[in-house]
Structure formats: C-alpha cells, structure tokens
Amino acid sequence: MASEDVYDVLIVGTGAAESILAAAFARIGQRVVHVDANTAYGDVGTALDAFQLREYLAEQHESTVLESDSTAFDKSDARKCCFELLPKLIFASSPLITTMINCNVASYLEFRALESLHLFWNGAFDAVPGSKEDIFKNDSISLVEKRRLMKLLSNILDSRPATADSNSEDGNLPTEVAQPAESAVLDEEADDLFVDVVKKVGLSEKSRATLFHAIGMFLNAEDAENDTLVFSRKVTKRQALAAIKQYLTSIGRFSASAFLSGVYGTASEISQAFCRVCAVNGGTYMLGFTPIETSIINKGESGDPIFRVSAKVEGLDDVTNFSCKWIVVSSSSAHRFKSVFSKIAGNRLGSRLDKRISRCICVLDSKIPGIGEPGVIVIPPATHNNTNGILAIQHSKNTLVCPSGKYILYLSSISTTATTAEQDLSASLEALLTVKNQFENEEQKSANVLFTAYYTQEVYGSESDSPRFIITKDDSETIGFEGSLAEAESLFTRIAEGLGVADAKFLAPNDTVVDDDE
C-alpha cells in the first residue's frame, strides 16, 4: 500500500478526549480518521431525544424507563427534548476555555452561566457560598462559623501565588497572603487527609459538607470515617485544595457562578465542536462505524507496525478498509469491540470493570423551587439510601434542551454495590421533589414526573500490548473536563514524538482562523 494511503492516527470514539486529540493532530497537518460506532457525536456522552434514548437503553443490561399516563408529555415534546447521557458543566477557570478560544471551537458553541448551586441538607436546599457576601448573608451560619469558614477559604485560595483569576475586586474571597502558620496547615503538597484538616478548623457538620461535597465535589464514601455524615478518608489535602481553588477561581470570571453550561448540551456539543475543527483542517469522519477485522500488514520504514482496519459503515454497502500508524480508542469502544481489536492489542482490552455509575434522567412539569435553570444540587453520601453522594443538574428551555414548561433533571452517583440505578437514586429523586409547607407543616409535591429513565453506566479498564494502540482514560465520573483535556494533551505529546513532529504545539493559537463557511 502506498504511503499516502496510510493515515497517521485512527481515533475510535468521539468523546471529549478523543475529539480534542483529533482536532490537535488535524491542526498540525497530520492525517486523521475519526470514527464512532454511534450515529451521533459524543461516544458515551452523546445527546438523544426521548425515542432515541429508549432505543439506546434497550441495549443496556440495567435500565428502567417509567412514563406517566399524563398527556402533558406527548410525542412532540419527546422529540424536542435533548437528553445528555453524560451531564457535565465547565469550570469558568478551566484551561478548556483557553483551549477552545485558541482553536476557534468557542465560535461554534453557546454557553449559559449556572444560576445556582445548592447543598441538599435536612430536606432543604442550602445555597453554597460563592463570595464573602454570600457567607455573611447566610442566616443559617453562626457568626463564629462564618469567620472560620471565611478564613479557611481565604487561606486555601492563597496557598499558592494569586493569579489573574483570583481577584477580589468584585466581592469574591480576598487574596491577601496567608500567615506562615496557616500556610503550614494548608500545605498543598502534604498527603494528610483533608477531612482531618476541616475538623481541626472547627467547622460544623453542614459547613464541612458544603466544603467537602458541594465545593470540592468529593462525593464518594470509600473507607469513610465513622461519623454522622460520611466523608471520604481517601481525599488528601493536595487533592482538596486543588478542587476548592478551581471553584473559587472560577467565581466571577464570567458571572457570579463557578460553572458554565453549554446550550443544546455540554459534553455532546463540546465533542462535536472539536470534531468540526478537525474536519475543517482535513480530518476524515465516519459515524455508524463497526470494525470487523484488524491486522498488522507490514512494518513502516522505521520498523514500526502499520495497522489495517476493515469496517462496516452505516449507509455504505461495501466494507471500508484503511491503514494507520497509530490507533487511539475510547474505553467504551475498547470494551465494545474487544474481540476485534484484541488481535492487534492483546487480550486485556475491556476486561476489567473499573466502576459503575448510576444515572437517572427525568422530565418534570415544573421546576424545583429555588433551583436555577440551569442549577446544581449536591446530595451528600448516606442521605437517602445513597451510599455515595449524588449530583443533580436541572435544565430548562434556558439551555434549549426541552420545550417551554418542561424541565430535565439529571441524577448521577457512583455505585459501589450490585444495586440498580433505580435503587440508588429513586429515594433521592422523591426527596428532591417533596417540599415542606411551612404553614401547614406537611409535605407536598413540588413537581410531577412525566418521564423517568434509570440506567447504569459501566466503565471498563483496558491495557494494550501494543505501544501504538492506546486506550483513553474514562472521565465520566467528574463534573468537568479537566481530565479529558489533560489526557488529550498527554497523548498528543506521546504520539507526536512517534510521528516525528515532537516540536508541534498542542492546540496553540493560530494567527489566522480557518472558517468552514469561507
């Protein structure tokens, strides 16, 4: 086969990490073929309407779809809903923002600031503070507690040199230099447990939960302490400070919120935007791609293998064949097609179940009172039959994912047992939709559920015997995209060296912007 017929990189899966990587290589002139077994972009983070969601879940081992008898959610509404299988948000201080600006991805996307972040505590929604004003306005916190919390957050923010994102001119947390003793307590290089740090500060259980779960987003209850509230015993100072700083430095950058949400979806839209950049710069795309045969056909001039892949592509009658120097596969694709790819990568593909994530998607006839559109609710571990914490995100027509008068609520939680998603999440969903009437001292429904889908996302680990066949790390568990971006940059550096373009920059800004409309 002639050398011009050989692609530099085959990337299987159009998740965030894979799409960012594809765009990076296409922008430096490498020949990229980017494929996905699905007929829509996003890999495990694709967006579907209600009918497509039913079809997708029918293939899952553990899923339950519940629908009300109400005519308030008809076929027209079902078509207008855009359900994300991987609900995520973007930190305002995330390096992904700069990356999207550098390579013109941001011009393909629209964003809306998160309107609220709440901790679900004792059956009520407690607003998470974003500034010193928020702390001192909170009537549920004592004056002594306010001073302790304020001091701790200020010192966390200042445990490294202040950056342009860490300003306090708009009322955010102050950035004065911490005293030496306080710096020692919050030494971010130390591996002491963060739960012990917050105990020493003397914070109440609710303030600890706010800091640990709602701000730090540490929701797992692995090796928990014997306490009324469950805090992970695996989170170190270094991990906690990095997470809390990211939250604090995000506040005030674009709005009073720390997060941005995509319009029409977040994970799926970001993946599609990076794919568009790749295509504009010469990348080849194939959706509905099913590999049926793989082999090593020869050695290149450097003695490295050349892979040959044969596949069926939806809409094409003939088998599609092409060759490539490197193959990058998402973890979900490695598991899905392990019998095919194992011929060139070994028998350890997709063989290890790393984690299970319980998820719920439901449509409501009204919003949860007091929660933004979009808004986030964090439910601490061991609150309502949930071993681990639960992240809930409410969307509405504000992000153009559902028709007017309807609301989408996502719930996600790591499942460490053999329970189903419905068992993990149904009690918490019921609690979120039940409010107390303060005048009559009785509970009542705040919204009716029109559609509910429970399902379990299984994440499999893989190892490759070939150094040129790479499986990306899954980043489904986190709320942001930092892991996906870091993975893409790491793989870019590794593969670029193998392709002889080690000096190439990862998604560096161009002097001129390529516009696909020109």
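No value in this document is a laboratory result; all are computed from the given coordinates. Only a predicted model underlies this, so the values are computations on that prediction, with no experimental measurement involved. Note that we place each Cβ from the backbone using ideal geometry, even for glycine, and neighbour counts take in every protein chain shown.
Computed values, structure above
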quantity	calculated
DSSP-assigned coil residues among GluC sites (Glu not before Pro) in segment 383-472, each with at most 12 further Cβ atoms within 10 Å	E440
Selection of GluC sites (Glu not before Pro), segment 237-301, meeting DSSP coil and at most 11 other Cβ within 10 Å	E301
Those GluC sites (Glu not before Pro) in segment 90-137 that DSSP places in a loop and that have at most 16 other beta carbons within 10 Å	E110
Distance violations [Cα-Cα > 20 Å] among K151/K200; K146/K237; K151/K199	K146/K237
Per-pair calculated FRET efficiency, R0 = 51 Å: I292 and K505 via Cβ, rounded to 0.05	0.90
Exceeding the 18 Å Cα-Cα cut-off - candidates K88/K132; K325/K473; K367/K397; K80/K397	K88/K132; K325/K473
Surrounding net charge for Y264, when Lys and Arg each add one and Asp and Glu each subtract one, Cβ distance under 11 Å	-2
